[in-house]
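Student: First the structure, which I've put down as structure tokens, then a few questions once you've had a look.
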Amino acid sequence: MSTQMEMTCETVWHNCLKLIKDNVNPQSFKTWFDPIKPIKLENKVLTIQVPSQFFYEWLEEHYVTLLRKTLKQELGPASRLEYNIIVENSGSGNKPYTINVPTNSAARTEQNEVGLPLNISTNIKNPFIIPGLKKINIDAQLNPNYTFENFIEGDCNRLARSAGFAVANKPGGTAFNPLMVFGGTGLGKTHLVHAIGNHIKQVNKNKVVLYVSAEKFMSQFIDSVKNNNNNDFVNFYQYLDVLIIDDVHFFAKKEKTQEIFFQIFNHLHQSGKQLILTSDRAPKDLKDMDERLLSRFKWGLSADLQVPDFETRVAILEHKMYTDGITLNREVVEYVAHSIDTNIRELEGALISLLAQASLNRKEIDLDLAKQILKNFVKNVSKEISIEYIQKLVCDYFGISIDQVKSKTRKREIVQARQISMYFAKDLTKSSLKTIGMHFGGRDHSTVIHACQTVNDLMETDKKFKIDVEELSKRIKINTL
Ligand code: ADP
Ligand code: MG
């Protein structure tokens, strides 16, 4: 017992080396064993420091059996080996740091000892590792279709998108760490974080990126506890350069998972690694979450995704049609964009329904058919008309921009479009005069009243004006069943 106590890592390693020396040729010994430094002995776990990742892989591949056997002789059957790997930090001026990695787990011992080829990738237990590759090769689990090019920009996502782009160009090197993207369902959270991951891999394929849903993270964690390889789980996650966890609100009430995530979060953050998270609500509104974790979520940047406005919805539909090689007439596209304003997933779903029907019936989709189809698709197609929608139609009709209508301009045709828009807003929406005024560059309620009076007067006196208003009225109402 007392001799055990006196054993230091140096003496144990020294004894191991004596045995190893007898079993490998002098050149190999010099190359692979001389540079190793024993650094720790604790609970029969000997930690040796190796100068690089490559070194570690080589040892594991060629000498693990020998290492294991000699260690067993020195410390008994319960002995284990752990590597401390010096990792070069890619960023300029950053110091190298080290990571600890266990050797192949006990379960593989027999296999190794009967001489099956060793594989480094089996070393770190993780379902994402592609078996059969020598280098630790982690499939990033990214969907290649979710890119920045395919992510249409609008007011609804501008901040999140540009922060994401900054992170994608300099993972771990911006103030946005963690980057937390939050927002309701179907608004593009998952798409955006995949886009970041894809961009990082595109710029530097050596960056170790992983996308994982919070749910999967938790089930892996539970498995690792069951299988007694929790350390492997943690080591694996701490090895990443970029960790993307989707839907972290799922961690609510899962205390153990939060705890382990907290540990991984801290390790990665301290080593300058990038964390990207999504959630269905802002960090401050997350419930049943450890305060320490919440405060970390707030360290970086939280950016939300909102429901896209009408123009962005049209742009998303058009982009989707373009990439899928589909054409639909403008009227139909605007009708879809107008009818579905909850989220982008439903918008895409509606488009797909239309196409499915069109190909089924071998029929071109006109507005009537679109209405018929969408009636079954969305619960409530007939909806209130919005002020922004009225503005859009009126501006299109007169060939002017929405900005002009909101501006202070007194140009006659713009004043007229503005007044007509206000008139319809008063007539067809439930908005107050004040709200209507706000939508037109912050005008007050008396301006709106005046506009309505003017339009009524002109309808009686100006024939051409009346025709314009009636045509517009038809166009606006066509979109509300
Ligand atoms: P969430 O994760 O927020 O529930 P997703 O990322 O799954 O939403 O997005 C739902 C669908 O909408 C996906 O097919 C995605 O490609 C699409 N989408 C979301 N935002 C955009 C956007 N800005 N431009 C183009 N497509 C988008
Ligand atoms: Mg999602």
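Student: What order do you get for 277-283, 70-76 when each peptide is scored by the mean count of other beta carbon atoms within 10 Å, highest first?
Tutor: The peptides rank, most packed first, as 277-283, 70-76.
Student: Please compute, for the alpha-carbon atoms of the range 160-208, the extent along each of the three principal axes and give them in descending order in Å.
Tutor: 33, 20, 16
Student: Let me check against my output: what whole-number percent is the relative contact order of the chain, with C-alpha pairs under 8 Å and at least 6 apart?
Tutor: In percent, rounded to a whole number, it is 10.
Student: Quick one: dipole size for the chain, taken about the Cα centre, charges +1 on Lys/Arg Cβ and -1 on Asp/Glu Cβ, in debye to the nearest 20.
Tutor: That gives a dipole near 400 debye.
Student: Something else now. Just to confirm a number: summing +1 for Lys and Arg and -1 for Asp and Glu over residues other than N456 whose beta-carbon lies under 11 angstrom from that of N456, what do you get?
Tutor: -1
Student: Please report the net charge: other residues with Cβ closer than 14 Å to the Cβ of H249, K and R +1, D and E -1.
Tutor: Net local charge, H249 excluded: -2.
Student: Further question: Of all DSSP beta bridges in the chain, what percent run antiparallel (nearest 5)?
Tutor: 35 percent
Student: Work through the residues other than K273 whose Cβ is under 13 Å from its Cβ and net out their charges, Lys, Arg +1 and Asp, Glu -1.
Tutor: +1
Student: Can you give the charge dipole size of the range 244-360 about its Cα centre, rounded to the nearest 20 debye, using +1 on the beta carbon of Lys and Arg and -1 on the beta carbon of Asp and Glu?
Tutor: For the range 244-360, the charge dipole is close to 580 debye.
Student: On to the next question. Per DSSP H run of n ≥ 4, the term is -39500 (n - 2.57); total these for the chain, divide by its residue number, and report the mean residue ellipticity at 222 nm rounded to 500 deg cm²/dmol.
Tutor: My calculation for the chain gives -16000 deg cm²/dmol from helical runs alone.
Student: Please give every one of the lysines within straight-line cross-link reach of K371, meaning a C-alpha to C-alpha distance under 21 Å, and leave out same-chain neighbours fewer than 8 residues apart.
Tutor: K320, K363, K379, K383, K392, K474, K477
Student: Say the cut-off is 24 Å between C-alpha atoms; which of K426/K464; K170/K205; K170/K256 go over it?
Tutor: K170/K256
Student: In cubic angstrom, how much convex hull volume per residue do the alpha carbon atoms of the chain span?
Tutor: Residue-normalised Cα hull volume stands at 198 Å³.
Student: Just for the Cα atoms in the range 208-267, what are the lengths along the principal axes, largest first, rounded to whole Å?
Tutor: Sorted from largest, the Cα extents of the range 208-267 read 26, 26, 18 Å.
Student: Just order 405-416, 168-179 by mean Cβ neighbour count inside 10 Å, highest at the front, would you?
Tutor: Highest to lowest by the protection proxy: 168-179, 405-416.
Student: Arrange the residues I390, I449 by how much accessible surface each exposes, largest first, with a 1.4 angstrom probe.
Tutor: These residues rank, largest area first, as I449, I390.
The values are calculated or read from the model by the stated rules, or taken from the named source; none is laboratory data. Predicted, not measured: the structure shown is a model, and the values here were computed from it. In this analysis, Cβ positions are derived from the backbone assuming ideal geometry, glycine residues included, and neighbour counts consider all displayed protein chains. Keep in mind that these areas ignore ligands, DNA and RNA; they rest on the heavy atoms of the full protein, side chains included. Shrake-Rupley method; radii C 1.70, N 1.55, O 1.52, S 1.80 Å.
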